Amino acid sequence: MKTFQDLTDIVAKLRGPDGCPWDKQQTHQSLKPFLIEEAYEVLDALDETDPAKLKEELGDLLFQVVLHAQLAKEAGNFTIDEVIETVAEKMTRRHPHVFGDANLTTPQEVLINWEQIKKEEKGGSKTSVLEGVPRQLPSLLRAHRLQEKAARLGFDHPTVDDAFAKVQEEIGEFEVAFRQGNAREMEEELGDLLFTLVNMARFLEVNPEDALGKTIVKFISRFRYIEEKMAERGRPFNEATLEEMDALWEEAKTVLSGNK
């Protein structure tokens with residue numbers, strides 16, 4: 001059975017004088033796309049509920065973490081042991097209700113206290129609770145996280161009906177911009193509409209990134225069904241009428257399992 005130390009030794013050897021030419025030329029910047037890719041492959045494995053694949057993808061992600069730590073060690077910045085020590089101390093410090101005497105009984109109380117601890121850790125230099133949301137997140141996910149953090153401080157619609165009303169309001173404003181033919185206003189109002197839809201999803205406890213991802217998968221499967229049926233009929237896709245494609249789309253909704 002290989003251990004964590006075995007993995008760090010392997011990474012050090014890959015980066016060593018007799019190591020891999022590819023690994024030896026990597027930098028923190030050159031590795032950024034691979035870190036993101038491996039994280040998304042973990043998400044795919046989670047969606048597929050495949051334990052064997054999840055195990056493999058978590059390993060690939062862990063490899064990226066250890067590789068970044070090795071680069072930092074070579075530069076004299078920090079080691080993987082210091083990475084572990086830092087996160088262990090942070091998790092202990094931010095869970096005083098588990099490792100200390102704090103009395104926090106609900107998830108909401110835990111989240112509020114978490115943000116307060118983060119602010120204290122930064123010595124008051126953190127001016128906004130929103131600063132902790134990475135700019136590189138996909139926009140839907142970023143909007144969701146920003147709204148969650150703002151809601152913890154009470155900046156939120158009182159009820160789900162108020163959230164629905166805001167969606168309707170933004171649809172109206174977007175339509176006005178469209179009727180006026182104002183491209184800049186349309187872009188702005190579409191952004192506002194998407195933001196309110198994300199907020200609606202938060203009220204319903206639906207992850208908007210996951211919801212849109214599932215719809216994309218559904219769209220692909222149905223569109224491929226149309227392509228296959230057109231091919232079976234021996235007709236080029238670009239010769240199909242909209243009515244014909246709509247009929248096949250409705251057929252795909254019935255035929256493809258799990259779709260309605």
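We did not get these values from a lab; they are worked out from the coordinates using the rules stated. Being a predicted model, the structure only gives us computed values, none of them experimental. Virtual Cβ from ideal backbone geometry, glycine too; neighbours counted across all protein chains shown.
Computed values, structure above
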item	result
Mean separation of Cα contacts under 8 Å, 6 or more apart, over the residue count of the chain: relative contact order %	10
Where N is the number of residues in segment 210-255, Cα Rg divided by 2.2 N^0.38 Å	1.20
Estimated dipole of segment 1-109 in Debye, rounded to 20 [Cβ of Lys and Arg +1, of Asp and Glu -1, Cα centre]	400
Value at 222 nm in deg cm²/dmol, rounded to 500, when DSSP H runs of n ≥ 4 in the chain each add -39,500 (n - 2.57)	-24000 deg cm²/dmol
Karplus (6.51, -1.76, 1.60) ³J(HN,Hα), θ = phi - 60°, over segment 60-77, in Hz, Gly and Pro reported as x	5, 5, 4, 4, 5, 4, 5, 5, 4, 5, 5, 4, 5, 5, 4, 7, x, 8
Quotient of C-alpha Rg and 2.2 N^0.38 Å, computed over segment 140-260	1.41
Anchor residue 122: lysines whose Cα lies under 30 Å away (excluding residues fewer than 8 positions away in-chain)	32, 73, 90, 149
HN-Hα J in Hz across segment 92-101 - Karplus 6.51, -1.76, 1.60, θ = phi - 60°, x for Gly and Pro	5, 5, 8, 10, x, 6, 9, 9, x, 9
Positive-end residue of 172, 191, 211, charge dipole of segment 165-245 with Cβ unit charges	211
Unit Cα scatterers, Debye sum, segment 86-201: log10 I(q)/I(0) for q = 0.22 Å⁻¹	-1.24
Along each principal axis, Cα extent of the chain, largest first, Å	64, 51, 37
Along each principal axis, Cα extent of segment 157-206, largest first, Å	35, 15, 12
Debye, to nearest 20: dipole size of segment 118-260, +1 on Lys, Arg Cβ, -1 on Asp, Glu Cβ	780
Given charges at beta-carbon only (K, R positive; D, E negative), |dipole| of segment 157-206 in Debye	80
Kirkwood hydrodynamic radius of segment 1-129, Cα pairs, Å	17.5
